[in-house]
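The values are calculated or read from the model by the stated rules, or taken from the named source; none is laboratory data. What you are looking at is a predicted structure, and each value in this text was computed from that prediction instead of being measured. For neighbour counting, all protein chains shown are included, and Cβ atoms are generated from backbone atoms with ideal geometry for every residue, glycine included.
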Amino acid sequence: MLSLDNIGISFGGRTLFDGLSVSVSPHDRIGLVGSNGSGKSTLLKIVAGMISPDIGSVNKGNYVTVGYLPQDGVVSGNLPLAREVATAVDDVLSVQRKLDDAHATLSRLPTDDLSAHQVLEVIGELQHRLEELDAYQMESKIERVLMGLGFSVSDFVRPSYEFSGGWQMRIMLAKLLLREPNVLLLDEPTNHLDLDSLRWLEEYLLRYDGAVILVSHDRRLLDTLTTKTLALEAGRLDLYAGNYSYYEKDSESRRELLLSAYKNQQNEIQRTQQFINRFRYKATKARQVQSRIKRLEKMERIEVQRDEREITFTFPQPEPSGRIVMDIQALKKTYGDVALFDDLNIHIERGDRIAIVGVNGAGKSTFARIMAGEEPYDSGRVTAGHNVSISYYAQHQAEEFDPSKEVLQTLEEVAQGDIRKHLRTLLGSFLFHGDDVFKKVGVLSGGEKSRLALAKMLLRSANFLIMDEPTNHLDMRSKRVLQEALLEFEGTLAIVSHDRAFLDPLVNNVWEFASGGIRTYLGTVSEYLDRKWMDRDEETDRNVSQPASSSRERRRIEAERRQELSRQLRPLKHRLAKMEASIEELETRKAEIEVRLGDPASYRSSEEAKHLTESYTDVRGSLGNLYWEWEDLMKQIEEIEGSP
């Protein structure tokens, strides 16, 4: 359907990537991953036709449409929200306008006018065309998409320019989803979504009838949605036949094999160079020396990229606090006529690990600032408990740095003890590599300053951490550094975030902010979402006046269906797991043989060389058969999972 052929591009003399080739099939679900700055967004723009590559070509069928959602953008204009979003379906609007004009023309013609019959024929054709475009469902579809993305019905008539930046991105996403392109390119689509909207988008994309290429730091979304992973690293594009978790595991195995091959090659180079140095000036060895020099010149060197695996970091462990960490009584906070909180009563105990969630504008960040003592409130009481020490992170804190100081110097001012020896390693885990640590804070981007503020927070000793969207500017590795540090942290924790994979291992409470109050749930964010959607289903049952017994019967039937699916899938998935283990074992064996085949020492014995060659042929043939069986088994599983 769409392919990239030998794509290459450079910026400012730096080659971003060169010789990239990949094919996209009609229903692919692809995660595009790579470190910050590797060129993921550039690659998406090339696929979308927004940037032309220096070399290579993008090939697609005439029927193929491509839609692209950038990381940022603004919708301009005075159109009401619903009409602005409707402009995405220009074909429908164009036909509808023609139909309106035809009706207007018909109303002006006498009933016995011959032209009226011609106009009636045109009206019939236009109505048929609208049916083909599903136009009569378009209004409800627009409403469904907008409400899924978090807009209320009252928002539909608001001018588009009134919405803030995060909501502008939701408008752009809504328009893109309504266009339904054959290839959907999404660059960090979850950055401005709350948990409800994120869950809706996930469900929508799972049913999407087209290919999806997704760039995201939301691990849960990648694992749930994608079935292939393209890793863009050091100008190379490698394909992995699985989601992000599969990619992580398989890329580590590939790296270990590559490292083994690299070490073997380096040993061979060293031995060859020693021979050359020893006998360079000995006439009787001149031919052998020249032969080895040529061999070195022709040798294709194995390159191993810098190991960016995360460091292990732990917070300075503080003294424990009292049992009550914070007590909040009769809290009231308003902005103009809007009451964020009114008579809010809640308390936090030692060991609580709280995820603060809710729709945008519900007051999550305001509440975090109030707890941290950085935001005034109208009335009530906010009291920290005995021996409570607070450390607070928010992105705006990055603007409080001294712009004249260097990155490393900024951390040195707060670091104490042995951690001072490891500050450069810590900065590396937050994407400050090499000479980046000597940059002046004043020249850093907003994202770099936020990462620096987070690294600085990690060095403070506190027993109550309050964090507002700490993962927004972090890549996967940096998020893991932070997550593992928080898992080891023995104090109390409150985090404003919508990153489910980041939050789930960390929290034991979920506080949902809505309608001026807080609803509390015990458990993880995923458990909270499951409970909330179950409650929503029950509410839907009540709204349609469905008897409770009927609702229970429906759930019983659904449960039986899930059990039947599980019964059918269990043996297939067992076979799949065994098959994937065999594939992994054979791939490891194949790579080991390739390393030995690349070693000149393997050819000293013709018998050994013959045995290696035969083994390689057998392994490759077995792998080919297993790959075919794996694809067939996956199709069976997908058919069962997709059956009604």
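With the checklist (1) at positive phi; (2) touching an Asp or Glu at 6+ places or on another chain (Cβ under 9 Å) in hand, flag the one item residue 509 doesn't pass.
Against the list (1) at positive phi; (2) touching an Asp or Glu at 6+ places or on another chain (Cβ under 9 Å), residue 509 comes up short only on (1).
Could you tell me which residue of the stretch 392-410 is surrounded by the fewest Cβ atoms within 10 Å (Cβ to Cβ), considering only residues that are over 29 Å from the mean Cα position of the chain (by Cα) and in a helix (DSSP H, G or I)?
In this case the residue turns out to be 400.
Conditions: (1) under 27 Å from the mean Cα position of the chain (by Cα); (2) surrounded by fewer than 17 Cβ atoms within 10 Å (Cβ to Cβ). Residue 448 meets all but one. Number of the miss?
(2)
Residues that are surrounded by 12 or more Cβ atoms within 10 Å (Cβ to Cβ), modelled with pLDDT under 75, more than 46 Å from the chain's Cα centre (by Cα) and not assigned by TED's automatic domain parsing to the domain that holds residue 67: does the stretch 99-113 have at least one?
yes
Which residue pairs have Cβ atoms under 8 Å apart, sit 6 or more places apart or on different chains, and have a first residue in the stretch 33-52 that is in the same structural domain as residue 18 (by TED's automatic domain parsing) and a second that is of a type in the set (Asp, Glu) and buried (at least 18 other Cβ atoms within 10 Å of the Cβ)?
Within 8 Å, the pairs are 35/475; 36/475; 40/187; 41/187; 44/187.
Restricting attention to the stretch 255-293, report how many residues are in contact with a helix residue (DSSP H, G or I) (Cβ under 8 Å, 6 or more places away or on another chain) and within 30 Å of residue 32 (Cα to Cα).
Total meeting the criteria: 3.
Would you confirm, using the coordinates I've provided, whether residue 490 is at pLDDT below 90 and under 24 Å from residue 349 (Cα atoms)? Don't jump to the end; show me each part of the working.
On the way: at pLDDT below 90: yes; under 24 Å from residue 349 (Cα atoms): yes.
Yes; evaluated as a whole, the condition is true for this residue.
Results for (1) without any contact (Cβ under 8 Å) to a residue 24 or more places away in the chain; (2) in contact with a helix residue (DSSP H, G or I) (Cβ under 8 Å, 6 or more places away or on another chain), shown as yes or no for each residue.
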site: 177; (1), (2): no, yes
site: 187; (1), (2): no, yes
site: 195; (1), (2): no, yes
site: 198; (1), (2): no, yes
site: 202; (1), (2): yes, yes
site: 212; (1), (2): no, yes
site: 220; (1), (2): no, yes
site: 226; (1), (2): no, yes
site: 230; (1), (2): no, no
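Quickly run through the stretch 32-55 and pick out the residues that are more than 22 Å from the chain's Cα centre (by Cα) and buried (at least 19 other Cβ atoms within 10 Å of the Cβ).
The answer is 53, and nothing else.
Among residues belonging to the stretch 501-545 that are under 27 Å from residue 338 (Cα atoms) and among the small types (Gly, Ala, Ser), point out the one that is modelled with the lowest pLDDT.
This residue is 516.
List pairs: first residue in the stretch 114-133 and hydroxyl-bearing (Ser, Thr, Tyr), second residue modelled with pLDDT under 70 and surrounded by 11 or more Cβ atoms within 10 Å (Cβ to Cβ) anywhere in the structure, Cβ distance under 6 angstrom, at least six positions apart or on different chains.
No pair meets every condition.
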